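Undergrad: Dropping a structure here in structure tokens format, bear with me for questions.
The values are calculated or read from the model by the stated rules, or taken from the named source; none is laboratory data. All of these numbers come straight from a predicted model, not from anything done at the bench. Every residue, glycine among them, receives a Cβ derived from its backbone with ideal geometry; neighbour counts consider all protein chains shown. Protein only, heavy atoms only, side chains kept; ligands, DNA and RNA dropped before computing areas. Shrake-Rupley method; radii C 1.70, N 1.55, O 1.52, S 1.80 Å.
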Amino acid sequence: MLELSILGFLYETPLHGYELRKRITALTGHVRPVGESTLYPAIKRLEKAGLLVREAQPGPAAAPRQVLTLTPTGREALRRRLADADGPEVTDENRWFTLLAFLRHLDDPAAQAAVLRRRLAFLEEPASFFYDGERPLRAEDLDDPFRHGILTIARATTRAELTWLHATLTDLESAAAAGGFGQPPCP
């Protein structure tokens with residue numbers, strides 16, 4: 001998800017490494033803090049793949065800053081990764097939120113809707129954090145107040161997300177049917 005974050009933020013505007021790291025940390029830092037030892041090798045891999053370029057620009061002090069810019073190939077790579085998102089990208093909440101942060105860069109409403117439909121299918125599967133054999137347990141099945149809390153919070157979060165998904169899918173599918181591209185209105 002680090003590479004997706006790099007591509008997503010650079011899709012919006014060229015950035016120097018420090019600013020890019022701050023933005024990624026703001027998005028995912030509470031879950032996966034981004035250190036220089038992780039960020040800069042990822043930047044080098046993307047640069048070597050031709051997805052971004054570095055350009056020295058004068059900095060606020062004497063030292064020049066390396067500004068990173070996404071190439072047209074990088075822009076296409078981001079759109080492809082967004083359109084192809086599946087598996088852990090739509091089932092793991094932290095990865096999903098990272099993907100969702102940049103899904104607007106996939107400017108085809110039908111393609112956006114396809115990604116949201118994969119998330120919707122995942123959320124509609126019966127699941128729990130806790131099981132009795134093969135049977136998923138509900139909050140009401142548990143005496144443990146802490147596990148009950150986990151399931152109660154998860155249920156509320158899932159309901160809110162399902163409401164948002166259905167409304168957004170309706171908007172996207174209307175836009176796709178009308179041949180429109182762009183951003184759906186926020187519900």
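Undergrad: Quick check: anything in region 162-185 under 25 Å from N94 (Cα atoms), in contact with a Lys or Arg (Cβ under 8 Å, 6 or more places away or on another chain), open to solvent by less than 40 Å² (accessible area, probe 1.4 Å) and at pLDDT 90 or above?
TA: Yes; the residues of region 162-185 include at least one that is under 25 Å from N94 (Cα atoms), in contact with a Lys or Arg (Cβ under 8 Å, 6 or more places away or on another chain), open to solvent by less than 40 Å² (accessible area, probe 1.4 Å) and at pLDDT 90 or above.
Undergrad: Residues of region 93-145 being in contact (Cβ under 8 Å) with a residue 60 or more places away in the chain and open to solvent by 60 Å² or more (accessible area, probe 1.4 Å), which ones?
TA: Residues satisfying the conditions are R95, F97, R104, D107.
Undergrad: For G50, indicate whether it is surrounded by 12 or more Cβ atoms within 10 Å (Cβ to Cβ) and among the small types (G, A, S).
TA: For G50, the condition - surrounded by 12 or more Cβ atoms within 10 Å (Cβ to Cβ) and among the small types (G, A, S) - is met.
Undergrad: Which count do you get for residues in region 3-27 that are of a type in the set (V, I, T) and crowded, with 20+ Cβ neighbours inside 10 Å?
TA: Qualifying residue count for the region: 2.
Undergrad: If you check G87 against the conditions, is it under 17 Å from the mean Cα position of the chain (by Cα) and farther than 29 Å from A178 by Cβ?
TA: It is true that G87 is under 17 Å from the mean Cα position of the chain (by Cα) and farther than 29 Å from A178 by Cβ.
Undergrad: Let me confirm something: among R118, R135, R147, which residue is at pLDDT 95 or above and among the charged types (D, E, K, R)?
TA: R118
Undergrad: Moving to a separate point now. Return yes or no: is A63 open to solvent by 30 Å² or more (accessible area, probe 1.4 Å), outside any helix (DSSP H, G or I) and not polar (S, T, N, Q)?
TA: yes
Undergrad: Still on this model: Between a residue in region 147-166 that is over 28 Å from A113 (Cβ atoms) and any residue that is loosely packed, with under 13 Cβ neighbours inside 10 Å, which pairs come within a Cβ distance under 7 Å, given they are 6 or more apart or on different chains?
TA: The qualifying pairs are I150/F129; L151/F129.
Undergrad: Do we find a residue being closer than 24 Å to L51 by Cα and touching a strand residue (DSSP E or B) at 6+ places or on another chain (Cβ under 7 Å) anywhere in region 71-85?
TA: Yes, some residue in region 71-85 is closer than 24 Å to L51 by Cα and touching a strand residue (DSSP E or B) at 6+ places or on another chain (Cβ under 7 Å).
Undergrad: Taking the options E55, E76, name whichever one is acidic (D, E) and not in a strand (DSSP E or B).
TA: Being acidic (D, E) and not in a strand (DSSP E or B) holds for just one of E55, E76, which is E76.
Undergrad: Determine whether S174 is in contact with a Leu (Cβ under 7 Å, 6 or more places away or on another chain) and of a type in the set (G, A, S).
TA: No, not satisfied.
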